[in-house]
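A.B. asks: Before anything else, here's the structure in question.
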Amino acid sequence: MEKSREPSTQHHGYMSDKGNYLKRMGRIEGQARGISKMIDDEKYCIDILTQISALTSALEVVALALLDDHLKHCVVDAAKMGEDAGALRIKEASDAIARLVRS
């Protein structure tokens, strides 16, 4: 896992919605456990694949929301600090988008 590039005193854009992110992630964890149970219970493979698709979609919703928060807060704040800082955050966002598209 990559180390954070932010000082510990910096607040990230998602902090204002942290509770909702944690709730979503809790539901996602539950979905993953449910899929494991389906496999353990030897459920029909198409039903398991349907649940995996739902889990993937749920993760994508969180990822896109985090990306949106990053652009609205981290990138905007960095751009106010100067061209180099803004360019770095834009590059990070572009790289993150590329990773999401590949997944």
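The values are calculated or read from the model by the stated rules, or taken from the named source; none is laboratory data. Note that the structure is a prediction, hence the values are computed from the model and not measured. For accessibility, only protein heavy atoms count, side chains too; no ligands or nucleic acids. Shrake-Rupley method; radii C 1.70, N 1.55, O 1.52, S 1.80 Å.
A.B. asks: How large is ³J(HN,Hα) for each residue in the range 23-31, as worked out from phi by the Karplus curve 6.51 cos²θ - 1.76 cosθ + 1.60 (θ = phi - 60°), to whole Hz, x for Gly and Pro?
C.D. replies: 4, 4, 5, x, 5, 5, 4, x, 4
A.B. asks: Okay, next question. Ignoring everything except DSSP H segments at least 4 long, calculate the 222 nm mean residue ellipticity for the chain; use -39,500 (n - 2.57) per segment, divide by total residues, nearest 500.
C.D. replies: Taking each H run of at least 4 residues, the total per residue is -24500 deg cm²/dmol.
A.B. asks: With the cut-off at 24 Å, report for the chain the share of all Cα pairs above it, as a whole percent. Please list the in-between numbers first.
C.D. replies: Details: 2043 of 5253 pairs.
Here the tail beyond 24 Å accounts for 39 percent of pairs.
A.B. asks: Are any of the pairs Lys23/Lys80; Lys18/Lys43; Lys18/Lys80; Lys18/Lys91 more than 29 Å apart by Cα-Cα distance, and if so, which?
C.D. replies: Numbers: Lys23/Lys80 32 Å; Lys18/Lys43 35 Å; Lys18/Lys80 24 Å; Lys18/Lys91 24 Å.
Lys23/Lys80; Lys18/Lys43, as the Cα separations exceed 29 Å there.
A.B. asks: Once the whole set of protein chains is in place, how much accessible area is left on Glu60, using a 1.4 Å probe, in Å² to the nearest 10?
C.D. replies: Estimated to the nearest 10 Å², Glu60 gives 100 Å².
A.B. asks: Skip the ligands, DNA and RNA, and give the accessible area per residue of the range 12-103 with a 1.4 Å probe, whole Å².
C.D. replies: On the way: 6530 Å² over 92 residues.
For the range 12-103, the per-residue accessible area is 71 Å².
A.B. asks: Probe radius 1.4 Å, ligands and nucleic acids ignored: give me the carbon and sulfur share of the accessible area of the chain as a rounded percent. Working shown, then result.
C.D. replies: Details: 4600 of 7850 Å².
The nonpolar share, carbon plus sulfur, comes to 59 percent.
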